[in-house]
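Trainee: This is the structure, below, for whatever I ask next.
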Amino acid sequence: MPGGEINIRPMQASDYDAVLALWQETEGVGLNESDARENVAAYLTRNPGMSRIATDPEGGVVGAVLCGHDGRRGYLHHLAVAARRRRSGVGLALVGACFESLRQAGIPKCNIFAYADNAAGQSFWRHTGWNARTELLVMQKQV
């Protein structure tokens, strides 16, 4: 890969600060109270070994994605790759590792959420074979 090799490994709760910093600097990643440290730690516990990070040879986080499932569908959230490492295969490697985890769990399909104004994100997803379901409306309410 251009810029040096990367290592893909499961995300751990101890990675939170570095991952949060990457998410905060990545356009198209929307963060809210659901992304607080304790909520991300709970997600990782509920979906053990599924979320992934990519690190450079020095151990710095250059990519991250949350991955989990509800027993029937997989979900990817907050795929982010450091600007200097984009277009080098990091995003594809992260998604591929997540898909392998989902396959092992017997999950046949995966969903993502992308903001309508995130052109770069939509381009990545479409380029890698994802199809938009325009007949669906996402609705949300505080519990």
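Trainee: Counting only residues that are part of a helix (DSSP H, G or I) and surrounded by 13 or more Cβ atoms within 10 Å (Cβ to Cβ), how many does region 22-33 have?
Mentor: Residues in region 22-33 being part of a helix (DSSP H, G or I) and surrounded by 13 or more Cβ atoms within 10 Å (Cβ to Cβ): 2 in total.
Trainee: Out of G106, G63, G71, I need the residue that is modelled with pLDDT of 95 or more, surrounded by 20 or more Cβ atoms within 10 Å (Cβ to Cβ) and small (G, A, S). Which one?
Mentor: G63
Listed here are the residues, each with its yes/no results for (1) outside any helix (DSSP H, G or I); (2) in contact with a strand residue (DSSP E or B) (Cβ under 8 Å, 6 or more places away or on another chain); (3) touching a residue at least 24 places away in the same chain (Cβ under 8 Å).
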{"position": "L92", "(1), (2), (3)": "no, no, yes"}
{"position": "A97", "(1), (2), (3)": "no, yes, yes"}
{"position": "S101", "(1), (2), (3)": "no, yes, yes"}
{"position": "Y115", "(1), (2), (3)": "yes, no, yes"}
{"position": "W125", "(1), (2), (3)": "no, yes, no"}
{"position": "G129", "(1), (2), (3)": "yes, no, no"}
{"position": "R133", "(1), (2), (3)": "yes, no, no"}
{"position": "L136", "(1), (2), (3)": "yes, no, no"}
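Trainee: Name the residues in region 49-59 that are surrounded by fewer than 12 Cβ atoms within 10 Å (Cβ to Cβ) and in contact (Cβ under 8 Å) with a residue 24 or more places away in the chain, would you?
Mentor: Correct list: P57 only.
Trainee: Got a sec? Which of A36, A83, A13 is of a type in the set (G, A, S), within 22 Å of F124 (Cβ to Cβ) and either without any contact (Cβ under 8 Å) to a residue 40 or more places away in the chain or surrounded by fewer than 13 Cβ atoms within 10 Å (Cβ to Cβ) (or both)?
Mentor: Exactly one of A36, A83, A13 is of a type in the set (G, A, S), within 22 Å of F124 (Cβ to Cβ) and either without any contact (Cβ under 8 Å) to a residue 40 or more places away in the chain or surrounded by fewer than 13 Cβ atoms within 10 Å (Cβ to Cβ) (or both), namely A83.
The values are calculated or read from the model by the stated rules, or taken from the named source; none is laboratory data. As the structure is a prediction and not an experimental result, all values here were calculated from the model. Methodologically, a virtual Cβ is constructed for each residue, glycine included, from the backbone with ideal geometry; neighbour enumeration extends over all protein chains shown.
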